[in-house]
Amino acid sequence: MRSPFLHDWLFAHAERRPEAPAVATPSMRVTYGELAGRVRALAGHLAARGVRPGDRVVLALPNLPATVAAGLAVNALGATTVEVNREWSPEILGRILAQTRTRHALVWGRDARTWGGLCRSHPLERLWVVHPGAPPAALLDALGGTPATWVIEDGRVDPAEGAAPPPPSPALSPDQPALVLYTSGSTGQPRGVVQTFRNVDANSRSIVQYLELGESDRALLILPLYYCYGRSVLQTHLLAGGSMFLDGRFAFPRVVLEAMTGEGCTGFAGVPLTFEIIRRQVDVASMRFPTLRYLTQAGGAMAPDTVAWVRNAFQPARLFVMYGQTEATARLAYLPPERGEEKLGSMGVAIPGVELRVVDDGGRELATGETGHLVARGDNVTLGYLDEPEETAAILHDGWLWTGDLASRDADGFFFHRGRSKEILKVGGHRVSPIEIEHAVARHPDVAEAAVVGVQDALMGELPVAFVVPRPGASPTEDDLRRFCREHLPAYQVPVRFTFVDALPRNESGKLLRAELARRTGP
């Protein structure tokens with residue numbers, strides 16, 4: 001299947017295997033044939049109400065079959081899907097509406113009041129409201145008079161709207177935008193990353209190749225579809241003809257793991273926090289996962305101790321530690337499971353079709369073992385940020401994506417993450433990676449998680465301070481941790497202060513908010 005277009009992947013599988021499972025939740029199931037029919041019907045309704053090739057259509061929805069159908073319907077019209085977090089503030093959503101100049105949006109019925117307010121300041125031609133049943137009058141009133149069409153959670157359009165035939169397929173180019181995914185917004189200013197059909201196709205084929213995905217694979221997905229990691233799980237399984245079980249119940253992690261077994265899932269994706277929560281709250285040894293073939297972890301560096309625990313707890317399923325970013329359409333590197341113990345702490349090697357280098361400030365490739373800027377090149381690299389030429393120019397140089405991360409490469413070609421270039425501490429002339437200190441602190445048996453930031457110091461320039469989440473029932477002291485760190489770190493890397501907290505601040509994608517921790521250290 002060589003088409004680079006996501007909707008073509010769906011239609012091809014629907015024609016060949018219409019009864020095969022495509023997407024499900026705890027309350028509904030949709031086959032490939034049903035999903036294809038709903039995508040065509042929704043595309044007809046979108047086109048009949050003014051969506052044209054090249055338009056940008058906002059999706060602000062939870063993980064549902066309707067969300068999958070909506071994104072594919074938008075793409076089938078040659079329009080661009082703009083995925084946003086429906087829980088962002090009205091101020092952020094308003095900025096996104098203004099930047100994308102969208103005229104249409106698909107929104108969750110429970111957010112009617114928010115969108116009614118937004119439509120007063122950013123008038124839209126029409127809203128498609130996803131709701132379990134016909135929306136009550138109060139919901140429609142909350143929209144403030146904006147014309148609305150009802151869509152059922154499984155992707156069907158309100159029958160009262162009448163059938164709208166799908167329009168002829170437009171001529172599409174692989175290099176036109178398929179998606180705009182907004183970064184997680186840890187700075188409070190999310191940026192829209194433009195991903196073309198070529199970007200999505202290249203990254204999906206690469207991931208399918210190294211995970212060896214096929215029609216029998218079924219992923220349990222708890223990650224949101226507006227997050228590039230969650231979105232890549234959808235895309236790879238659409239390409240491979242596999243299926244997904246969307247589960248929003250991770251507040252009860254054991255329930256999710258039980259569903260993994262009950263649904264016959266072969267794959268599970270999580271960020272470091274996902275696996276830390278499972279480790280703390282679930283007795284995994286009491287459970288069995290007979291169909292689980294692999295797990296993937298991305299979204300930040302996971303402590304080596306946790307990596308080792310996941311490998312042991314879920315064996316014989318294989319753990320793929322991965323690295324990437326939204327600007328690379330999700331993925332840049334992976335650690336082959338058979339090299340996991342030997343290369344513990346590594347982000348792995350470049351995925352198929354991607355070239356990675358470690359370079360100095362001028363772009364000159366550095367020798368083995370030296371730490372420098374990690375840059376990447378491949379068909380999965382974004383065209384840039386939406387309508388932000390200066391920010392785009394800052395990350396793209398001569399065809400290379402400057403990731404903003406620091407890394408080193410060993411003699412076998414495996415890469416090791418050494419921190420964000422803006423987060424590296426300068427302690428008494430030494431360049432210090434917070435991640436290196438965090439991993440050392442987290443090896444203490446009483447520590448569940450640790451995060452390190454710098455504080456200004458007149459003599460040393462900066463000094464490291466640590467925020468520590470103790471393991472349940474443990475009560476480590478500052479003296480305990482300081483002695484432990486002196487045994488495992490150079491003196492200048494030992495934190496000058498340890499602050500114990502119940503949890504580390506994270507954004508909705510599970511990424512650590514270092515800026516928030518830095519604010520807690522005081523002026």
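The values are calculated or read from the model by the stated rules, or taken from the named source; none is laboratory data. Keep in mind that this is a model prediction, so the values were computed, not measured. Neighbour counts are summed over all protein chains in view; Cβ atoms, including those assigned to glycine, are modelled from backbone coordinates with ideal geometry.
Taking only segment 445-470 into account, find how many residues are assigned to a strand (DSSP E or B) and either touching an Asp or Glu at 6+ places or on another chain (Cβ under 8 Å) or under 16 Å from LEU504 (Cα atoms) (or both). Before the answer, list the steps.
We begin by selecting, within segment 445-470, every residue assigned to a strand (DSSP E or B); these are 447-457, 461-470.
Narrowing the set further to residues that are either touching an Asp or Glu at 6+ places or on another chain (Cβ under 8 Å) or under 16 Å from LEU504 (Cα atoms) (or both) leaves 447-456, 463, 465-470.
Total meeting the criteria: 17.
Only one residue in PHE500, PHE484, PHE414 is assigned by TED's automatic domain parsing to the domain that holds THR326 and either surrounded by fewer than 18 Cβ atoms within 10 Å (Cβ to Cβ) or hydrophobic (A, V, I, L, M, F, W, C) (or both), so which one is that? Quick ask: steps written out before the conclusion?
Working: PHE500 fails: assigned by TED's automatic domain parsing to the domain that holds THR326; PHE484 fails: assigned by TED's automatic domain parsing to the domain that holds THR326.
Of PHE500, PHE484, PHE414, the one residue that is assigned by TED's automatic domain parsing to the domain that holds THR326 and either surrounded by fewer than 18 Cβ atoms within 10 Å (Cβ to Cβ) or hydrophobic (A, V, I, L, M, F, W, C) (or both) is PHE414.
If you scan segment 280-300, which residues turn out to be aromatic (Phe, Trp, Tyr) and assigned to a loop (DSSP other than H, G, I, E, B)? Write out each step before concluding.
Residues of segment 280-300 aromatic (Phe, Trp, Tyr): 289, 294.
Once the filter is applied, which keeps residues that are aromatic (Phe, Trp, Tyr) and assigned to a loop (DSSP other than H, G, I, E, B), segment 280-300 yields only PHE289.
Which one of these does THR306 not meet: (1) among the polar types (S, T, N, Q); (2) loosely packed, with under 14 Cβ neighbours inside 10 Å; (3) assigned to a helix (DSSP H, G or I)?
That leaves (2) as the condition not met.
Taking the condition of being more than 22 Å from the chain's Cα centre (by Cα), in a strand (DSSP E or B) and within 25 Å of GLU462 (Cβ to Cβ), how many residues in segment 380-426 meet it?
Residues that pass the stated criteria total 3.
When you scan segment 69-77, do you find a residue that is surrounded by fewer than 24 Cβ atoms within 10 Å (Cβ to Cβ), at pLDDT 95 or above, assigned by TED's automatic domain parsing to the domain that holds THR149 and not hydrophobic (A, V, I, L, M, F, W, C), even just one?
Looking only at segment 69-77, we keep the residues that are surrounded by fewer than 24 Cβ atoms within 10 Å (Cβ to Cβ), and these are none.
Checking segment 69-77: not a single residue is surrounded by fewer than 24 Cβ atoms within 10 Å (Cβ to Cβ), at pLDDT 95 or above, assigned by TED's automatic domain parsing to the domain that holds THR149 and not hydrophobic (A, V, I, L, M, F, W, C).
Among the residues of segment 32-49, what is the count of those that are surrounded by fewer than 24 Cβ atoms within 10 Å (Cβ to Cβ) and closer than 21 Å to PRO147 by Cα? So that I can check it myself, show each step before the final result.
Filtering segment 32-49 down to residues surrounded by fewer than 24 Cβ atoms within 10 Å (Cβ to Cβ) leaves 33-34, 36-37, 40-41, 44-45, 47-49.
This time we only want the ones that are closer than 21 Å to PRO147 by Cα, so: 41, 44-45, 47-49.
Going through segment 32-49 one residue at a time, the tally reaches 6.
Condition check: farther than 21 Å from GLU263 by Cβ, in contact (Cβ under 8 Å) with a residue 60 or more places away in the chain and not assigned by TED's automatic domain parsing to the domain that holds PHE245. Does ALA24 satisfy that?
Values: farther than 21 Å from GLU263 by Cβ: no; in contact (Cβ under 8 Å) with a residue 60 or more places away in the chain: yes; not assigned by TED's automatic domain parsing to the domain that holds PHE245: yes.
The answer is no for ALA24.
Look at segment 367-385 and say how many of its residues are surrounded by fewer than 21 Cβ atoms within 10 Å (Cβ to Cβ) and either touching a residue at least 24 places away in the same chain (Cβ under 8 Å) or assigned by TED's automatic domain parsing to the domain that holds ILE96 (or both).
Residues of segment 367-385 that are surrounded by fewer than 21 Cβ atoms within 10 Å (Cβ to Cβ), as a first pass: 367-371, 373, 377, 379, 383-384.
Narrowing the set further to residues that are either touching a residue at least 24 places away in the same chain (Cβ under 8 Å) or assigned by TED's automatic domain parsing to the domain that holds ILE96 (or both) leaves 368-371, 373, 377, 379, 383-384.
Of the residues in that region, 9 qualify.
In segment 427-444, which residues are in a strand (DSSP E or B) and either of a type outside the set (D, E, K, R) or more than 30 Å from the chain's Cα centre (by Cα) (or both)? Walk me through it before giving the result.
Filtering segment 427-444 down to residues in a strand (DSSP E or B) leaves 427, 430-432.
If the condition is that a residue be in a strand (DSSP E or B) and either of a type outside the set (D, E, K, R) or more than 30 Å from the chain's Cα centre (by Cα) (or both), then VAL427, HIS430, VAL432 are the ones that fit.
Can you tell me which residue among GLY300, GLY340, GLY353 is out of contact with any Phe, Trp or Tyr (no Cβ under 7 Å at 6 or more places or on another chain) and within 20 Å of GLY404 (Cβ to Cβ)?
Details: GLY340 fails: within 20 Å of GLY404 (Cβ to Cβ); GLY353 fails: within 20 Å of GLY404 (Cβ to Cβ).
Going through GLY300, GLY340, GLY353 in turn, the sole match is GLY300.
Specify which of the listed residues (ARG29, ARG52) is part of a strand (DSSP E or B), out of contact with any helix residue (DSSP H, G or I) (no Cβ under 6 Å at 6 or more places or on another chain) and surrounded by fewer than 19 Cβ atoms within 10 Å (Cβ to Cβ). Steps first, answer last, please.
Working: ARG52 fails: part of a strand (DSSP E or B).
Just one listed residue meets the conditions, ARG29.
Can you name every residue in segment 340-366 that is among the small types (Gly, Ala, Ser), surrounded by 14 or more Cβ atoms within 10 Å (Cβ to Cβ) and not in a strand (DSSP E or B)? Spell out the reasoning first.
Taking segment 340-366 and keeping what is among the small types (Gly, Ala, Ser), we get 340, 345-346, 348, 350, 353, 362-363.
Within this subset, residues satisfying the condition of being surrounded by 14 or more Cβ atoms within 10 Å (Cβ to Cβ) are 340, 345-346, 348, 350, 353, 363.
Across segment 340-366, the qualifying residues are GLY340, GLY345, SER346, GLY353, GLY363.
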